[in-house]
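Inspection log for the structure reproduced underneath, given as structure tokens.
The values are calculated or read from the model by the stated rules, or taken from the named source; none is laboratory data. Just so it is clear, the model here is predicted, and its values are computed rather than measured. Cβ coordinates were reconstructed from backbone atoms using ideal geometry, including for glycine residues, and neighbour counts include every protein chain displayed. Protein only, heavy atoms only, side chains kept; ligands, DNA and RNA dropped before computing areas. Shrake-Rupley method; radii C 1.70, N 1.55, O 1.52, S 1.80 Å.
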Amino acid sequence: MRHFSGLIVILIILGEIKGQPQFSPLLIRDYLNEYNIKLCYFFTCWQNYENIELVQMMSKMDIRSTFVKSKTNIKQVLIEKNVTYYGFVLDLSCKEFADLLTKYVTQFNMRMSHPWLIFSKSTSPNVVQRIFGNVTIRMDSNVKVIVPEKNKNTFKVLDVYNPGVQIGEKPIITEIGLWNGSNLNINRKMTFYLQRKNMSSIQLRSGSVVLISNHSGTFEEYMLDARYIQFDTISKFHYSMFLLLEDVHNFTHSLLIENTWFGNYQNGTDAGVGKLLYEDIIDITCTGASERPPRVDVYDYLMPSYHFRPCYIFRNPGSYDPLSNQFLKPFSDKVWYIIIVSVALICISLKLFHRLESKYKGLQSSYSWATVTLITTSAIFQQDSSILPNGYSGRIVFLVLQILSILLYNYYTSSIISSLLSRPPEAFHTLDELGHSRLEIGIEDLPYTITWFTIMNDSDVQYIYKNKVFPPGAKRMNIYLPEEGMAEVRRGGFAYHTQLDTGYPIIARTFDQDAICDLAEIPMIPQVLAGIMVQKKSQYKELFHITLRKTRQSGLVHRISQIWESKKPQCLANARIIAVGVEQVFIAFLTLFVGIALSLFLLVVEIVWFRLDLDKKFTRQ
């Protein structure tokens, strides 16, 4: 059997149509055109001339076909393939294929991506019911049955699906079109969604996760209680979306409650609601779960829309280095170099002009290099000078020095005030910085956090776990309830790992403006989207996908997000004063003490020098 990679395949089941062979190729042609099918598998026992006629017609339409004659090849054709849209051809009048539907066809072969076309000689709907009574037909099956009308040369097109094969429901048969012998007329208003929207007879098996076991009221009352949105937020968010599905489709549901989402396996199939889905105990979850690569292989997600945002929350202690000179930052290196060169030129100019004035005007005084350096630096540092040049040239240089000093002072002080008072200190950005900081770390007792420490081999994560969360010698991990953990954050010097939807309401209720504006966040678990889960290749996936897309377009999903997804409390910067800490002004005080020490050292040198000079004078005398 040839393998057509990436091509579309159709399953067409053909009953007895002998006696009217002129209609079958035309009907198949119109059906293929209707659903844009490019590859056909036929399990038939037709005459060769009928097969040749059909193949020639499909070749003109650029449609490939394969006729399977041997029963031994049935399993090879029915197995799951890499292509996403394919089907099969079967003639029920052939004895070797009579038990194909009941014996070989699985739920996988009955998905929407596998269209079926069935011809029946009988006009009784009971025959169709009997044909599909033991077939694993699904809610999303794409099965079309052609039934001849009595005393007419026309055929009705019936659509067949089963909304609840797992609970023993009977197939639902709906007339959707007519074949008049030359044209195939399909009722396009009878869409897949509208036709199968009503699920009033179905009870789905659902599962959810509740971490707060001692809540008051019933499960539904707790899930809809918005007063304490920080508890079980992800379950409450998705339960509201699940109720939208229930209202639209009119189904009912049974409920199983777990205390965890997944187990310790990468895909989570060993515990929690993940295990219930994987073992076909439930059909759908009314809670959400984050969409991660290992889980996508075993579960399907319905339009993920919840932002799963766990991270470390802490008051920013700042990352100032006391030894880094904050007072050199207002000017770039080039500006500082230019200032040094300018001060040197002014010193030289003052020295030169004063010497010339003394020579030509007969002045008795002279400026030493120490004097001109003192005059220049005093003016630059806004201290003025008690020594002023006498000549016009010296005064002009001194005036230029004053103008330069004022301009530099304005630019410098503006930058200092802006950087120290208007901008918060630089926060930590990485887990490595957080782990090696002086902050203590605690976590909320959440299954996915514990699991992340277990399965994640990242060095930063393991360092935080072994040195901060569960340090050597500790009897237990640093686990805090949300209220306790956020209270420690408010006091400072503490980082707490929790969901932002848990932490933000507590912050808004208990933190003052200074604490809110100091907050910083570092994620440990990647922030991803979460959504309602269904079984892998679930028969309800496509239907519920459409419903959730419609609710998003109508704004209902946004409304649910506004209720259950907490926003970070706003920092009102104008209502607070940012204190300048010791780290910022350390260099200023260090400069002062170094200057005092240098002055004392020079004083001692001067005293010693003066006494030595006196001793020399007495010796000479």
Residue list for the stretch 88-129, restricted to those being open to solvent by 50 Å² or more (accessible area, probe 1.4 Å), over 17 Å from Glu175 (Cα atoms) and charged (D, E, K, R): Lys95, Glu96, Lys103
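What number of residues within the stretch 185-198 are open to solvent by 20 Å² or more (accessible area, probe 1.4 Å) and either in contact with a Phe, Trp or Tyr (Cβ under 7 Å, 6 or more places away or on another chain) or outside any helix (DSSP H, G or I) (or both)? Let's see the steps before the verdict.
So in the stretch 185-198, the residues open to solvent by 20 Å² or more (accessible area, probe 1.4 Å) come out as 185-195, 197-198.
Pick out the ones that are also either in contact with a Phe, Trp or Tyr (Cβ under 7 Å, 6 or more places away or on another chain) or outside any helix (DSSP H, G or I) (or both) and you get 185-191, 197-198.
Going through the stretch 185-198 one residue at a time, the tally reaches 9.
Can you tell me which residues in the stretch 276-299 are more than 17 Å from the chain's Cα centre (by Cα) and part of a strand (DSSP E or B)? Before you say what the answer is, go through the steps one by one.
Within the stretch 276-299, the first condition is being more than 17 Å from the chain's Cα centre (by Cα), and the residues that meet it are 276-287, 297-299.
Listed by number, the residues that qualify are Ile284, Thr285, Cys286, Thr287, Tyr299.
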Subset of the stretch 528-538 (residues that are touching a helix residue (DSSP H, G or I) at 6+ places or on another chain (Cβ under 9 Å) and open to solvent by 20 Å² or more (accessible area, probe 1.4 Å)): Gln535, Lys536, Lys537
Pairs where the first residue, in the stretch 539-551, is under 22 Å from Gln166 (Cα atoms) and the second is of a type in the set (Lys, Arg) and assigned to a helix (DSSP H, G or I), C-beta under 9 Å, 6+ apart: Leu543/Arg196
Selection within the stretch 384-410 - loosely packed, with under 13 Cβ neighbours inside 10 Å and either in a helix (DSSP H, G or I) or modelled with pLDDT of 80 or more (or both): Tyr392, Leu399, Ile403, Ile406, Leu407, Asn410
Residue within the stretch 123-139 that is more than 21 Å from Phe155 (Cβ to Cβ) and in contact (Cβ under 8 Å) with a residue 60 or more places away in the chain present: yes
Failed criterion for Asn264 (all others in (1) polar (S, T, N, Q); (2) at pLDDT 90 or above; (3) in a loop (DSSP other than H, G, I, E, B); (4) open to solvent by 40 Å² or more (accessible area, probe 1.4 Å) hold): (2)
Evaluation of Val489 against (1) under 18 Å from Lys468 (Cβ atoms); (2) surrounded by fewer than 20 Cβ atoms within 10 Å (Cβ to Cβ); (3) β-branched (Val, Ile, Thr) (one fails), failing number: (2)
Filter result for Ser201 (exposed (fewer than 14 other Cβ atoms within 10 Å of the Cβ), polar (S, T, N, Q), farther than 30 Å from Phe262 by Cβ and out of contact with any Ser or Thr (no Cβ under 7 Å at 6 or more places or on another chain)): no
Where Val335 falls short, out of the listed (1) part of a strand (DSSP E or B); (2) over 22 Å from the mean Cα position of the chain (by Cα): (1)
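Kindly establish whether Val77 is in a loop (DSSP other than H, G, I, E, B), closer than 24 Å to Leu32 by Cα and of a type outside the set (Ser, Thr, Tyr).
Working: in a loop (DSSP other than H, G, I, E, B): no; closer than 24 Å to Leu32 by Cα: yes; of a type outside the set (Ser, Thr, Tyr): yes.
Answer is no for this residue.
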Considering residues of the stretch 338-370 that are at pLDDT 80 or above and not hydrophobic (A, V, I, L, M, F, W, C) only, the residue farthest from Leu401 (Cα to Cα): Lys351
Among (1) modelled with pLDDT under 85; (2) in a loop (DSSP other than H, G, I, E, B); (3) open to solvent by 80 Å² or more (accessible area, probe 1.4 Å), the one test that Asn574 misses: (2)
Selection count where residues are of a type outside the set (Phe, Trp, Tyr), within 20 Å of Gln166 (Cβ to Cβ) and in contact (Cβ under 8 Å) with a residue 12 or more places away in the chain, scope the stretch 95-112: 9
Tally, over the stretch 230-244, of residues that are open to solvent by less than 20 Å² (accessible area, probe 1.4 Å) and touching a Ser or Thr at 6+ places or on another chain (Cβ under 6 Å): 3
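Can you report the number of residues in the stretch 130-151 which are more than 25 Å from Ile202 (Cβ to Cβ) and open to solvent by less than 30 Å² (accessible area, probe 1.4 Å)? Can you show your working first?
Step one: filter the stretch 130-151 for residues more than 25 Å from Ile202 (Cβ to Cβ), giving 146-151.
Add one more test, that the residue is open to solvent by less than 30 Å² (accessible area, probe 1.4 Å), and what stays is 146-148.
So the answer is 3.
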